[in-house]
Amino acid sequence: IFALLGFEVSCACYSQYLCDRDYEAFKSLFDLLGLTQNIHYGTFNKLCESALNQNGEVRKIVESLIMNGIQDAVLMNKEFGRARILLIDEVDVFFSKNFYGELYTPSVNIRDPTVTQLLDYIWENRDKRLKLATVKTSPQYQACFARFKDYGFLVEEAVKDMLFDLREYPSHQYIVKEDKIGYVDGDSVSFQAVNRYQTVFAYYAEHEKKRISKKSLDENKWIRIVCGNFSYAEIPKQFSFIMGVTG
């Protein structure tokens with residue numbers, strides 16, 4: 001009805017399963033009325049992604065800056081021809097401690113041979129209780145620092161996180177499935193979510209147990225750069241009207 005009245009409609013829910021189920025249930029009606037392009041289903045996280053990337057993909061912009069020292073990603077000023085309305089399903093979940101008042105923190109994984117060598121060095125020396133000062137004297141660290149010299153401070157901060165997570169990773173909960181490490185996300189398992197470098201070292205550990213292939217391990221050797229922190233509570237402000245329902 002809102003789409004027929006001229007709105008651009010976003011239907012948000014905490015569950016990807018519910019989003020997919022509801023969209024498929026109504027898609028034939030949307031197609032029949034010619035409204036499919038004006039109705040968008042997705043999770044709260046997808047809603048955040050859409051808002052952050054409407055003027056250019058923030059991860060690609062950050063990756064370009066760090067890898068190439070330039071910003072060559074395309075920026076756009078996307079304007080909506082219609083007023084936007086947000087329909088929140090299971091709105092009580094949106095107001096729970098896991099969303100409203102919390103931050104959405106997108107990040108980009110930087111891969112490079114020097115990053116791989118640095119992570120391998122830290123993992124191979126995990127029993128030595130490495131300290132930052134020791135790591136900084138290693139050829140692997142110095143090569144990585146030199147590779148990203150304009151952002152060397154990010155390499156140092158990443159190593160601090162690596163050394164902390166190296167001690168913590170055995171105790172964190174994850175799922176190994178289909179040659180990937182995933183985390184429980186609502187009523188499903190997410191293979192996009194990561195727990196900083198605990199996930200990386202879990203790949204190393206599971207590879208040694210022969211539960212993860214070398215190919216999968218190599219694909220998950222990276223330095224993680226946070227693109228920023230964004231409040232879930234700010235997202236609804238981009239809409240002209242908001243409605244919510246819950247059982």
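Restricting attention to segment 1-58, the residues being open to solvent by 20 Å² or more (accessible area, probe 1.4 Å), modelled with pLDDT under 85 and in a loop (DSSP other than H, G, I, E, B) number 3. The residues in segment 158-184 that are assigned to a helix (DSSP H, G or I), open to solvent by 60 Å² or more (accessible area, probe 1.4 Å) and at pLDDT below 95 can be counted, and the count is 4. Flag not set for ASP127, criterion: modelled with pLDDT of 95 or more, in a helix (DSSP H, G or I) and open to solvent by 20 Å² or more (accessible area, probe 1.4 Å).
Looking at the structure I just gave you, is VAL135 open to solvent by less than 90 Å² (accessible area, probe 1.4 Å), touching a Cys at 6+ places or on another chain (Cβ under 9 Å) and on the phi < 0 side of the Ramachandran plot?
Working: open to solvent by less than 90 Å² (accessible area, probe 1.4 Å): yes; touching a Cys at 6+ places or on another chain (Cβ under 9 Å): no; on the phi < 0 side of the Ramachandran plot: yes.
Answer is no for this residue.
Could you grab me the full set of residues in segment 132-157 that are among the hydroxyl-bearing types (Ser, Thr, Tyr) and not in a helix (DSSP H, G or I)? Please lay out each step first, then the result.
Kept after step one, since they are among the hydroxyl-bearing types (Ser, Thr, Tyr), are these residues of segment 132-157: 134, 137-138, 141, 151.
Scanning segment 132-157 gives THR137, SER138.
Of all residues assigned to segment 97-115, at least one qualifies as being assigned to a helix (DSSP H, G or I), modelled with pLDDT of 95 or more and open to solvent by less than 50 Å² (accessible area, probe 1.4 Å). Identify the residue in segment 170-197 that is more than 13 Å from the chain's Cα centre (by Cα) and among the basic types (Lys, Arg) and, among all such residues, is nearest to ILE110 (Cα to Cα). In this case the residue turns out to be LYS180.
Filtering ILE122, ILE85 for residues that are outside any helix (DSSP H, G or I) and either surrounded by 17 or more Cβ atoms within 10 Å (Cβ to Cβ) or of a type outside the set (Phe, Trp, Tyr) (or both) leaves a single hit, ILE85. Each residue in segment 220-245 was checked for being open to solvent by 60 Å² or more (accessible area, probe 1.4 Å) and either part of a loop (DSSP other than H, G, I, E, B) or without any contact (Cβ under 8 Å) to a residue 60 or more places away in the chain (or both), and 4 of them qualify. Only residues that are in contact with a helix residue (DSSP H, G or I) (Cβ under 7 Å, 6 or more places away or on another chain) and outside any helix (DSSP H, G or I) were counted across segment 185-206, and they come to 2.
The values are calculated or read from the model by the stated rules, or taken from the named source; none is laboratory data. Every value quoted in this text rests on a predicted model; they were computed, and no experiment measured them. Cβ atoms come from the backbone with ideal geometry, glycine included; neighbour counts cover every protein chain shown. Please note that ligands, DNA and RNA were not included when accessible areas were found on the heavy atoms of the full protein model with its side chains. Shrake-Rupley method; radii C 1.70, N 1.55, O 1.52, S 1.80 Å.
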